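The values are calculated or read from the model by the stated rules, or taken from the named source; none is laboratory data. None of the values given here were measured: they were computed from a predicted structure. Here Cβ is always computed from backbone atoms with ideal geometry, including for glycine, and neighbour counts include all displayed protein chains. SASA here: full protein model, heavy atoms, side chains in, ligands and nucleic acids out. Shrake-Rupley method; radii C 1.70, N 1.55, O 1.52, S 1.80 Å.
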Amino acid sequence: MSFAVETTKLTKRYGSTPAVDQLSITVREGEVYGFLGPNGAGKTTTLRMLLGLIRPTSGSLTLFGERPRGLARVGALIEGPTFYPYLSGRTNLRVLADHAGVSRRRVDEVLELVDLTDRAAEVFRTYSLGMKQRLGLAAVLLKDPDLLILDEPTNGLDPAGMADMRQTIRRLAEDGRTVLLSSHLLAEVEQICDRVGVLHKGKLLIETTVAELTSGGGSLRVTATPADTAYTVLTAVVGADHVHADNEVFELDVPATEAARINAELVAAGVSVSELRWLQPALEDMFLQLTGVES
């Protein structure tokens, strides 16, 4: 398996305080990897080490199996994008393309990739925050990188802007790029990432797929009438300690594989079942269990 990013015991200390502590992660080529943690967890510090902006105290890292030449295949957006306010979006990108030695033909290509073609002639200072973020992403794409490193890409956006940015990131990944993004937004990571690394106080708590992270919990929701008969059947089948009742709605602390048996027992007892649904635990719940703090 090929890794776009690999770190081994990567550490950054400021005095005696570890900002990143013995961090070992792998980002596979072609995936969207979510670097999840509360503010101050060490996410941005890690990204800056990957990009060579700060030196690690100890440990090692590689990009596409090498260092530093792997940096040539990376595009990054750390913190907010900065452009000339009185130039248009297209002109700003042309300035960057000239500076980077990239053909100006690439400007229109990246504007289309981030859905800014129709607004490219407008000056940057009139852009909404979401448009500014997308122009920043277009600038990152000018050199056609294989790996995108994005630090809190939806930070400060309204719900519509967040949805647009998530859609753009997924589309870029579908085109074969690898994306490493940091976020403190649990729903964002859950919706767009293939795998996630949970960071807390500089330490990696877990690295896994989102599906695997949320597979260890959950409950079975049953809505059934009459409620008293349903309660009697459910407590007999799974035990009273595993049944939480709210009128005709019951939540059962049982594996999803028990659903068919429970439904059959209820129907056999003359109970009408209008809902039988597995409630997947949210990533937020998993995060709270792992860290003991809110995001």
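Only a single item in (1) crowded, with 17+ Cβ neighbours inside 10 Å; (2) in a helix (DSSP H, G or I) is not met by R171, and it is number (1).
Quick one: would you say D164 is of a type in the set (D, E) and in contact with an Asp or Glu (Cβ under 6 Å, 6 or more places away or on another chain)? Steps first, please.
Details: of a type in the set (D, E): yes; in contact with an Asp or Glu (Cβ under 6 Å, 6 or more places away or on another chain): no.
The answer is no for D164.
The residues of segment 40-60 that are in contact with a strand residue (DSSP E or B) (Cβ under 7 Å, 6 or more places away or on another chain) and outside any loop (DSSP other than H, G, I, E, B), listed by number, are K43, T44, T45, T46, L47, M49, L50, S58, G59, S60.
Number of residues in segment 25-55 that are over 17 Å from R73 (Cα atoms) and either open to solvent by 50 Å² or more (accessible area, probe 1.4 Å) or among the acidic types (D, E) (or both) equals 3.
Quick check on my filter: what residues within segment 237-260 are under 12 Å from R221 (Cβ atoms) and acidic (D, E)? Reasoning before the result, please.
At the first step, the residues of segment 237-260 found to be under 12 Å from R221 (Cβ atoms) are 243-246, 248-254, 256, 259.
D246, E248, E251, D253 - these are the residues of segment 237-260 that are under 12 Å from R221 (Cβ atoms) and acidic (D, E).
Contact map, segment 105-123: residues that are under 21 Å from M162 (Cα atoms) paired with residues that are modelled with pLDDT under 95 and basic (K, R), Cβ distance under 6 Å, separation 6+ or inter-chain. Pairs shown: V114/R134; L116/R134. Any residue at all in segment 11-19 that is over 18 Å from K143 (Cβ atoms) and surrounded by 19 or more Cβ atoms within 10 Å (Cβ to Cβ)? The answer is yes; a qualifying residue exists.
Per the conditions (1) under 15 Å from P85 (Cα atoms); (2) touching a Lys or Arg at 6+ places or on another chain (Cβ under 9 Å), the sole criterion not satisfied by H184 is (1). Every condition in (1) farther than 17 Å from T178 by Cα; (2) at pLDDT below 95 holds for S24 except the one numbered (2).
Being outside any loop (DSSP other than H, G, I, E, B), more than 15 Å from L36 (Cα to Cα), without any contact (Cβ under 8 Å) to a residue 12 or more places away in the chain and under 17 Å from the mean Cα position of the chain (by Cα) is the requirement here; does A163 meet it? Judged against the criteria, A163 is a match. In summary, helices (runs of 4 or more DSSP H) completely within segment 200-270 and bearing 2 or more residues that are in contact with a strand residue (DSSP E or B) (Cβ under 9 Å, 6 or more places away or on another chain) and of a type in the set (S, T, Y) occur at 227-238.
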